[in-house]
Amino acid sequence: MNPEQKTIVVTGIALQSCLGNLAETWHFLQHGKSGIKILQPFADIPAYPMGLIQDKPLQLPTLTEILLQEALKDAGLVSPLSECGVVIGSSRGCQGLWETIVKEKKVENWLDSLPHYAATTTAHLIGTLGPVLSPMAACATGIWAIAQGLELILQGKCERALVGAIETPITPLTIAGFAQMGALAETGCYPFDQKREGLVLGEGGAILVLETADLAKQRNAQIYGKVLGFGLTCDAYHVSTPAPDLTSGLIAIKDCLFRSQLNISDIDYIHAHGTSTHLNDDREAKIIQTLFNPSVAVSSTKGATGHTLGASGAMGVAFCLMAIKTGVLPRCVGLTDTPYNLNFVKSAIQSYPQAALCFSFGFGGQNGVIAVAKA
């Protein structure tokens, strides 16, 4: 079968955020509720707004196993899955464990905390002999993971893949690093708002089950939607600051539309990266205004979940698929007064989008865009 003839669908979604699992998070997004709270989990680090899943910061191994079990259950799958591909990334990996190892001066089992932990552990737990990848592309990691899983299936390497990204970034070093950069908010997360202060760190992750439409049909699986194509570029400008011009970001969107065989007019909804930082929101708004009609619906969910770094793109794709499945767009929580002439979703509305884009614009100029549509 030629790659062009394959339709790749999503048959399972697992998601965890500071608002709860997928169903809980989706419910609270419709009601404009934020899971962000001002907390001080570390005595020697000042309090900041953050999004914790539980009462104290999680470690990557715990969240990985929670999401894997949810994904398999939602897709109606049971291990072993010997031919399943795995593409699960993380921008921070097991950094929390590394900091504990350094602090306590205990180095045993350090090999169990390498950056590819989520992918290799998932592969081990499902007993796969298929391809296993662990991308790391800053905040675009989740988009990269889904894109690579899509390519594995299109290339015939496997017929099914578990894809996504997971982050547990609430650690002393992560907080201190972003604070030193002046990137952290002091009161909350307000994407695209006049009063935005900076990003809010949040724990979270999403694992999606991708498979060919033929395989899904054979087992009568539920289908959230289909993944069409992607665009991946890099500004190659600065270690953290996005390029002042829009070129690289625009190319990522145009590449995604080309691969997806979509026109700009086909897009009904954009899940924006929307970090609530001045540079990102300003650049992203200009990118959208440059390409799209002012009527296209736009929202960022980070005002409710916080910025889950590498996992944010995977979570954004999950929200796009939920919008397509339910016909309701997620609210841009935290937005009250915007300087941008865009059609932001400020209340839960019935919309029934047919095609949606998810954006990720990360540190180092990593740009990721992916398109999903109604199956």
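Values quoted throughout were computed directly from the atomic coordinates according to the rules given, and no laboratory measurement underlies them. Given the structure is predicted, the values throughout are model-derived calculations rather than measurements. FYI the Cβ positions are ideal-geometry reconstructions off the backbone, even for glycines, and counts take in every protein chain you see.
Structure above, values below:
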| quantity | calculated |
| --- | --- |
| Cα lying deepest toward the dipole's positive end in the chain, options GLY274, LEU52, GLY229, charges on Cβ | GLY229 |
| Greater than 27 Å apart at Cα, pairs in LYS217/LYS325; LYS37/LYS325; LYS37/LYS106; LYS286/LYS325; LYS56/LYS302 | LYS37/LYS325; LYS37/LYS106; LYS286/LYS325 |
| Value of D in µm² per second that Stokes-Einstein yields for segment 79-147, Kirkwood Rh from Cα pairs, at 10 °C (1.306 mPa s) | 123 |
| Under the Karplus curve 6.51 cos²θ - 1.76 cosθ + 1.60, θ = phi - 60°, whole-Hz ³J(HN,Hα) for segment 36-44, x wherever Gly or Pro sits | 7, 9, 7, 9, 9, x, 10, 4, 9 |
| The chain: relative contact order as a whole-number percent, Cα under 8 Å and 6+ apart | 24 |
| Size of electric dipole in the chain: Cβ of Lys, Arg +1 and of Asp, Glu -1, about Cα centre, debye, nearest 20 | 460 |
| Exposure proxy order (Cβ contacts within 10 Å, fewest to most) of ILE126, ILE270, ILE349 | ILE349, ILE126, ILE270 |
| Virtual paramagnetic centre 7 Å along Cα→Cβ of GLN54, amide N under 16 Å, in segment 77-109 | 96-97 |
| Cross-link partners of LYS103 among aspartates and glutamates (Cα-Cα below 15 Å; sequence separation of 8 or more within a chain) | ASP44 |
| Qualifying aspartates and glutamates (Cα of each under 19 Å from Cα of LYS73; at least 8 residues distant if same chain) | GLU24, GLU65, GLU83, GLU159, GLU211 |
| Modelled label reach - ALA348, point 7 Å along Cα→Cβ, segment 38-73 residues with backbone N closer than 15 Å | none |
| Whether segment 24-131 is rounded, prolate or oblate, judged on the alpha carbon gyration tensor where a/c under 1.5 counts as rounded | oblate |
| Longest exposed-site-free window of the chain, the sites being GluC sites (Glu not before Pro) in a DSSP loop that have at most 15 other C-beta atoms within 10 Å | 187-375 |
| Estimated 222 nm signal from helices in the chain, with DSSP H stretches of n ≥ 4 weighted -39500 (n - 2.57), rounded to 500 | -10000 deg cm²/dmol |
| Spatial separation of Cα centroids for segment 78-112 and segment 21-68, in angstrom | 19 |
| Computed over segment 8-218: relative contact order in percent, which uses C-alpha pairs under 8 Å that are six or more apart | 32 |
| Dipole of the chain [Lys/Arg +1, Asp/Glu -1 at C-beta], most positive-end residue of GLY303, VAL200, MET181 | GLY303 |
| Whole-angstrom gap from segment 204-228 to segment 230-274, using each part's C-alpha centre | 24 |
